[in-house]
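The values are calculated or read from the model by the stated rules, or taken from the named source; none is laboratory data. Just so it is clear, the structure is predicted and the values come from calculations on it, not from any experiment. We place every Cβ from the backbone using ideal geometry, glycine too, and count neighbours over all the protein chains shown. Surface accessibility is based on the protein's heavy atoms, side chains included, excluding ligands, DNA and RNA. Shrake-Rupley method; radii C 1.70, N 1.55, O 1.52, S 1.80 Å.
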Amino acid sequence: MKEYFGLIRDESKPIEERLFALLTTIALSALLAMFVVGIVIGESLADVFVLGGCLAVFIIMLAIAVRFHIIHILAPISAFMIILILLPVTFFAGGGIYGGSPLWFVFCTLYVSMVISGKIKYVLIALDVLVGAACYLVAYFKPETVMAHTAQEAYIDSYVSVVFVCAMLGVMVAFEISVLKKSMEKYREKSHEVEGLNESQNRFFSSMSHEIRTPINTIIGLNEMILREDISEEVAEDARNIQSSSKVLLSVINDILDMSKIASGRMEIVPVSYDVTALLTEIYNMMAGRVKEKGLALYMDVDPNMPAQLFGDEVRVKQILINLCGNAIKYTEEGSITISVHSTLADSTHVRVTFSVEDTGIGIRKENLPYLFDAFRRVDEKQNRNIEGTGLGLSIVKQLVELMNGEVTVSSVYTKGSTFTVTIEQEMVSEATIGRFDPSVKMRRDRSAGFRQIFEAPQACVLIVDDNEANLLVERKLLRHTLMKVETANSGQEALSACLEKRYDVILMDHLMPGMDGIECLKAIRDQVGGLNRETPVIVLTANAGSENQSLYKRSGFDDYVLKPVDPEILEEALIGVLPADKLRIEKSEAVHDDKTDEMQRQVRRKIPLMITTDSVADLPKQLVENMKIPVLPYQVYTGDGIFSDGIEAGGDVIIRSMMYKKVVAKSQAPTVEEYEEFFAHQLSLAQHVIHIAMAKRSSKGYEHACEAALSFYNVRVVNSAHLSSGMGLVVLAAKEYTASGVTDVEKIVSFIKQKREKIRTSFVVDSTEYLTRAGRLSQRVHKICNGLMIHPIISLENSAMQVRRVIFGNREDAWAKYIKKTFMDADRVDTNVLFITYAGMKMSELEEVKRQVLAIVPFEKIYLQKASPAISINCGPGTFGLIYSEK
């Protein structure tokens with residue numbers, strides 16, 4: 001008995017066996033009860049005998065099944081006996097359809113479904129249905145075969161069957177739920193365990209990356225110093241071999257890390273705007289040396305109509321090309337490598353870019369093509385046994401291309417060569433094209449011709465922050481020939497102390513340091529009270545590779561990103577981008593650097609201390625925005641004709657005309673959180689801090705979305721303008737003028753903005769309430785009343801929300817005149833510096849009349865006649881204008 005009940009609780013046993021034991025116990029209890037009830041109510045001796053016999057047989061069968069562990073055999077046998085013997089006998093002996101038997105036919109089907117598995121289950125279910133049908137037919141055509149029950153017996157029998165069947169169903173369902181819950185708990189435990197293992201693995205790989213890159217950085221860096229010295233050719237050859245082997249080791253590490261990220265689902269595509277010419281030039285420069293070492297030729301065929309700027313994951317695109325080119329070079333002993341890049345227009349904003357790498361190498365056998373992109377697998381192993389590599393490169397290419405929703409294909413003729421083609425879709429940043437591509441203009445220096453630094457800066461001073469003494473040694477030596485004054489700090493705290501005592505021209509910062517890491521240290525330097533380096537450019541030197549890390553450093557406010565092991569040329573080029581021009585002396589060499597280009601690069605890469613940004617609904621003149629260099633993020637306008645960027649793809653007048661003549665319903669929508677994040681990230685590549693002035697927070701989702709996006713950045717502040725349209729624009733202009741006076745303290749500027757917004761007055765007179773009704777701001781009933789009584793609402797801002805504060809009765813012209821007089825009742829309090837007359841759907845003659853009436857009351861020095869943005873126009877409609885100004 002103990003073994004029997006242990007079977008029910010034993011979670012290692014199949015659920016069918018446990019259910020069989022449980023349900024058989026309940027069924028036997030039911031049979032026993034029915035046996036007793038049959039005796040009590042005087043059932044026929046045949047019925048009682050069958051019940052008793054079945055009870056005894058099933059008890060014996062159950063004991064045998066448990067004792068000899070043959071439940072899987074006896075379960076179907078018992079089911080056959082129940083269906084073919086027990087159910088028919090009890091049906092005819094127990095009153096037929098006027099007893100409890102029909103319920104047991106139903107229960108038997110469920111019992112078989114849950115206890116028995118395999119094809120036999122369906123045979124038994126079909127048999128149960130057929131036996132039931134046979135019993136019903138026989139009882140119908142030959143009622144004398146059924147032993148009739150009295151009414152009392154029928155009710156008792158039926159009720160007892162209902163009770164037992166319900167009880168057994170309840171137990172079955174409860175048992176199934178219990179098993180399911182335990183399984184889910186085990187699954188969750190396993191999931192947590194797997195997640196923990198994945199996290200441990202990820203931490204291990206991340207740590208391995210950092211820990212291995214650090215000594216490799218030292219090896220490559222010190223080896224670079226050997227190559228720079230006047231050494232014999234034998235020593236130089238040894239040093240170049242060390243350099244080559246170190247890079248192979250680094251490549252293997254990168255491949256393993258990338259496969260780990262892809263396998264764990266942590267590989268992310270991080271799109272940024274990138275320069276196509278710069279990317280292709282870098283690829284050419286990287287491959288040119290390797291091709292030259294093998295005596296191969298390298299050709300590039302680039303479509304001159306390729307867009308000059310694209311939006312995509314530059315790091316991963318570069319990685320794909322490097323892997324394909326590296327693979328081609330490895331398997332080509334003579335001939336050439338050809339890199340081709342072409343594009344076709346996918347739609348108005350995207351291009352389909354095709355990269356192909358063709359070689360004249362050994363080719364690939366046809367039977368090996370299906371396995372080409374398998375990880376850790378190298379085709380034709382016997383012939384390629386002497387070729388280095390992990391076999392991960394092509395697998396990584398395929399995975400990255402698929403992450404970008406692209407396609408990679410290969411065509412090959414064995415012994416003749418192969419062509420790999422990658423097609424991905426990228427967004428166009430501008431319509432400018434790259435024109436004729438000539439990579440030889442920017443060839444890197446040939447190391448074999450002897451070292452020569454790119455620049456000298458004897459007056460410049462650099463602070464290097466790193467907790468590793470070997471790294472500090474390497475970086476000091478790499479910068480020795482630039483003649484810069486180099487100081488070092490072993491921790492973030494030491495760096496902060498140094499920044500209080502001396503102003504540096506640039507800071508090189510390690511990321512992962514104990515105590516205070518590089519990102520925390522950068523934030524502390526930017527916010528340091530009394531600090532002398534709050535605006536000093538900071539370049540992160542890190543062993544953390546990957547586009548997601550590059551995005552992290554960009555968001556964190558670093559001016560540039562240099563990967564360890566440090567490439568001396570990349571480090572020097574990064575320094576050229578941020579050092580003051582008056583302290584730089586560019587060395588003229590075969591690595592072409594003309595003064596004009598270098599200065600332009602420095603201007604682009606040198607960050608300004610602070611930037612004021614806003615949204616397109618600020619309704620500022622385009623020329624003013626361009627002159628004052630105010631970055632603007634457009635709202636989106638949705639119409640029946642499509643989705644348009646506010647003020648870029650559609651103006652307010654265009655939308656108004658569509659709404660008037662086509663009866664189009666239009667609505668505006670604030671940028672999404674992701675669009676704000678992308679916008680802020682781009683601005684932080686140009687500025688140390690960003691203050692974004694958003695529309696009144698209760699007027700749209702813009703403020704809410706911008707605040708959520710700002711949480712991703714420590715140096716972005718979002719300020720509620722408490723206004724819309726040009727009222728918001730006046731806040732932006734005031735903030736811009738305030739920062740132009742030299743104020744860079746974020747808290748002071750935010751405080752100034754909050755004070756200034758209280759003085760600005762924003763209001764609009766609406767010609768017709770039809771468009772407010774379309775926008776859902778007024779009901780149809782109110783619109784009809786306003787239209788009939790010639791009511792013109794005056795909309796103003798109250799507590800950051802649009803409110804109808806008052807109304808004016810009369811025709812259009814009278815309403816305008818009354819609105820102007822009401823607005824400037826207290827003319828002495830008005831700041832006469834500037835006025836915005838922001839309008840929608842009005843003629844120039846009407847605007848000039850409005851302007852004349854205004855000047856008759858208040859002599860403004862400057863009046864802007866500004867078209868309202870579509871986001872404003874669709875809410876107010878034609879004939880609307882606002883008087884927006886500041887009080888003294």
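A few notes on this one:
- Between residue 523 and residue 286, full extension at 0.36 nm per residue minus the direct alpha carbon distance yields a gain of 81.9 nm.
- Förster radius 22 Å - calculated FRET efficiency between residue 366 and residue 334 (Cβ-Cβ, nearest 0.05): 0.45
- Segment 491-533: trypsin sites (Lys or Arg not before Pro) in DSSP coil with no more than 13 other Cβ atoms inside 10 Å: 502, 503
- Amide H partners (placed H, <5 Å) of residue 543, local residues excluded: 511, 512, 564
- For residue 633, the residues whose amide H sits under 5 Å from its own are 614, 615, 616, ignoring neighbours fewer than 5 places away on the same chain, with H placed 1.01 Å from N.
- Solvent-accessible surface (1.4 angstrom probe) belonging to residue 333, in square angstrom, nearest 10: 130
- Area accessible to solvent at residue 843, 1.4 Å probe radius, in Å²: 140
- Peptides ranked, highest mean first, by Cβ atoms within 10 Å: ranges 359-365, 188-194: 359-365, 188-194
- Sequence of 678, 234 from largest to smallest accessible area, 1.4 Å probe: 234, 678
- Neighbourhood charge, 12 Å Cβ-Cβ cut-off, centred on residue 529 and excluding it, Lys, Arg +1 and Asp, Glu -1: -1
- Ordering of 301-311, 473-483, 531-541, 717-727 by burial proxy (mean other Cβ atoms within 10 Å per residue, highest first): 717-727, 531-541, 473-483, 301-311
- Given 292/330; 622/862; 629/759; 622/867; 247/292; 121/181, the pairs whose alpha carbons are separated by over 20 Å: 629/759; 121/181
- The accessible-area ordering, largest first, of the residues 107, 80 stands as 80, 107, per a 1.4 angstrom probe.
- Rolling a 1.4 Å probe over the protein heavy atoms of segment 686-837, with every protein chain left in place, gives an accessible area that is 48 percent carbon and sulfur.
- For residue 306, the amide hydrogen comes within under 5 Å of the amide hydrogens of 434, 435, counting only partners 5 or more places away or on other chains and with H modelled in the peptide plane.
- Highest to lowest packing among 148-160, 573-585, scored as the average C-beta count within 10 Å: 573-585, 148-160
- Segment residue 269-residue 122, length gained on full extension (0.36 nm per residue, minus Cα span): 47.9 nm
- Order of exposure, largest accessible area first, which applies to 298, 403, 865, 711 with probe 1.4 Å: 711, 403, 865, 298
- Taking the DSSP bridge list for segment 221-364 and keeping only pairs wholly inside it, about 70 percent are antiparallel.
- Take segment 245-374 with all the other protein chains still there, run a 1.4 Å probe, and you get 43 Å² of accessible area per residue.
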